[in-house]
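Structure, as C-alpha cells:
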Amino acid sequence: MEIVTVEPGRTRVGWIGTGVMGSSMCGHLIDRGFACTVFNRTRDKAAKLLERGAAWADSPRCVAQQSDIVFTIVGFPADVRQVVLGDDGSLAGSKPGNILVDMTTSEPSLAIEIADAARQRGVWSVDAPVSGGDIGAREARLSIMIGGESQAVLALAPCWEAMGKTIVHQGGPGAGQHTKMVNQILIATNMIGVCEALLYAYRAGLDLNTVMQSVASGAAGSWSLSNLGPRIIADNFEPGFFVEHFVKDMRIALDEADRMGLALPGLALAKQLYTALRAQGHGRDGTHSLQLALATLSGLDWQARRRTSDPNGDAIV
C-alpha cells in the first residue's frame, strides 16, 4: 500500500480540533514548516492558527481533500466517529496513501474500527493519544502513545518530533489507546492523593508552599503534584484537561477492564468522585479541581481560605 512522504514544506497537514491542546500542537507543525489546513466546530478557536498562516476548511472532509495527513484531537469517541467516519468526515475526503492520525483519548475498539475502514480505502490510520496536558502541548514535550502499522508510524517521525519528547510505538491499532488508559488509571488515584494531602496540610495549619518544597522532590513526588499542586494552592482551576473528558476516559478504562474481567476499585472510586465534581458544575474546569469536591466532603470551602486572615492581617495560604 502506498504511503505519503512526510517532509516540512512538502507535506500538507490537516488538523481537526483546535482546543486547549490541539491549537498548540498544530502550531508546532506550522513552526516546523508544514502547511496546515484546520477545522473546528467553533471557528473562533482556530483564529490564532489562521493568523499564523493556516488555511480554513468548512468540514473534516474538506480538510482531508486538501491534506496528505490529517490529525484529529476532539472531545469524545462520538466526536471522533463523526469527524473521521461520518459522511462528511476525514476518511471520506482521503486519498490512497494518506494518513489519518487520531490523537483524541478514545476507545481502543473505535481505533481498530477506523483502521479497518481506512485500510479498505488504501488509507493508513494511527491512534496516538497524548499525555502532558496544556503545558506539555505548549512546550512540545508531550508523551505520545502510538498504535498502528510501523510503516505509517515511522513515516510520521517529523510530526511526532515537533510535538513530543517521549514517543513510543506500542503496537497495532488500538494499542496507543490502551496505553493511554494505563496513563489515566495512574493519574486518577494519584490525583486523589495530591488533593487529600494538600487538604491535610492546610487543616494542620502548615504553609502549603513550604510543604511542597519538602515533598515534591522526594518519594511522594509526581507530575501531578509538581505541576498541578501549585495551581491548587493558587486556586487556579483553569483546565489543562477538562473534568468532563477525564470522566469519559475513566468510563472507557472501566468498560475495557470489565471486558477483561478486571476489578479496579481505585479507578471506580475516582470516577465516582469526579462524576460528583462534574455534577457540582466543574465539568469544564481542570482535573485538579477535584480539590473543591474533596474539601466539600470535609465541610471546607477551599477557596474561602484565601479570604481568611490571621491576627496579623496576613492572608492564610
Quiz item: When the residues of region 180-201 are filtered to those that are over 30 Å from residue 298 (Cβ atoms) and surrounded by 22 or more Cβ atoms within 10 Å (Cβ to Cβ), which remaining residue is farthest from the chain's Cα centre (by Cα)?
Solution: 181
Quiz prompt | Every residue from region 259-278 that is touching a residue at least 60 places away in the same chain (Cβ under 8 Å) and outside any helix (DSSP H, G or I) | solution = 264
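Out of 101, 153, 168, 123, I need the residue that is closer than 20 Å to residue 69 by Cβ, among the β-branched types (Val, Ile, Thr) and touching a Lys or Arg at 6+ places or on another chain (Cβ under 9 Å). Which one? Give the derivation first.
Values: 101 fails: touching a Lys or Arg at 6+ places or on another chain (Cβ under 9 Å); 153 fails: touching a Lys or Arg at 6+ places or on another chain (Cβ under 9 Å); 168 fails: touching a Lys or Arg at 6+ places or on another chain (Cβ under 9 Å).
After applying the criteria, what remains is 123.
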Practice problem: Quickly run through region 137-155 and pick out the residues that are in contact (Cβ under 8 Å) with a residue 40 or more places away in the chain, assigned to a helix (DSSP H, G or I) and either hydroxyl-bearing (Ser, Thr, Tyr) or more than 20 Å from residue 123 (Cβ to Cβ) (or both). | Solution: 137, 138
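Only residues that are within 20 Å of residue 13 (Cβ to Cβ) and in a helix (DSSP H, G or I): list them for region 116-135, please.
Start the filter on region 116-135 by keeping residues that are within 20 Å of residue 13 (Cβ to Cβ), which leaves 118, 121-130.
Of everything in region 116-135, just one residue is within 20 Å of residue 13 (Cβ to Cβ) and in a helix (DSSP H, G or I), namely 118.
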Quiz item: Any residue in region 156-172 that is surrounded by fewer than 19 Cβ atoms within 10 Å (Cβ to Cβ), in a helix (DSSP H, G or I), polar (S, T, N, Q) and at pLDDT 95 or above?
Solution: no
Quiz item: So how many residues does region 114-127 have that are of a type outside the set (A, V, I, L, M, F, W, C) and buried (at least 18 other Cβ atoms within 10 Å of the Cβ)?
Solution: 2
Quiz item: Taking only pairs six or more apart or across chains, which ones have beta-carbon atoms under 6 Å, a first residue in region 184-204 that is more than 13 Å from residue 220 (Cα to Cα) and polar (S, T, N, Q), and a second residue that is surrounded by 20 or more Cβ atoms within 10 Å (Cβ to Cβ) and at pLDDT 95 or above?
Solution: 184/249; 184/253; 189/270
Practice problem: Using the structure shown, decide if residue 94 is outside the structural domain of residue 251 (by TED's automatic domain parsing), within 29 Å of residue 258 (Cα to Cα) and crowded, with 18+ Cβ neighbours inside 10 Å. | Solution: no
Quiz prompt | Residue selected from region 203-218 under the condition part of a loop (DSSP other than H, G, I, E, B) and more than 26 Å from the chain's Cα centre (by Cα), by the criterion nearest to residue 135 (Cα to Cα) | solution = 218
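Does at least one position in region 243-258 carry a residue that is touching a strand residue (DSSP E or B) at 6+ places or on another chain (Cβ under 8 Å), surrounded by 19 or more Cβ atoms within 10 Å (Cβ to Cβ) and assigned to a helix (DSSP H, G or I)? It would help to see each step written out before you state the result.
Quick first cut of region 243-258, residues touching a strand residue (DSSP E or B) at 6+ places or on another chain (Cβ under 8 Å) only: 243.
Subset that is surrounded by 19 or more Cβ atoms within 10 Å (Cβ to Cβ): 243.
Filter once more, keeping what is assigned to a helix (DSSP H, G or I): 243.
Yes: region 243-258 contains one or more residues that are touching a strand residue (DSSP E or B) at 6+ places or on another chain (Cβ under 8 Å), surrounded by 19 or more Cβ atoms within 10 Å (Cβ to Cβ) and assigned to a helix (DSSP H, G or I).
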Self-check item: Residues (more than 22 Å from residue 30 (Cβ to Cβ), of a type in the set (Gly, Ala, Ser) and crowded, with 24+ Cβ neighbours inside 10 Å) located in region 128-151
Solution: 147, 148
Quiz item: Only one of (1) in contact with an Asp or Glu (Cβ under 8 Å, 6 or more places away or on another chain); (2) closer than 15 Å to residue 129 by Cβ; (3) in contact (Cβ under 8 Å) with a residue 40 or more places away in the chain fails for residue 158. Which number is that?
Solution: (2)
Practice problem: Just one of (1) touching a residue at least 60 places away in the same chain (Cβ under 8 Å); (2) closer than 19 Å to residue 11 by Cα; (3) within 22 Å of the chain's Cα centre (by Cα) trips up residue 109, so point out which. | Solution: (2)
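The values are calculated or read from the model by the stated rules, or taken from the named source; none is laboratory data. Everything quoted here is computed from the prediction, not taken from an experiment. Methodologically, a virtual Cβ is constructed for each residue, glycine included, from the backbone with ideal geometry; neighbour enumeration extends over all protein chains shown.
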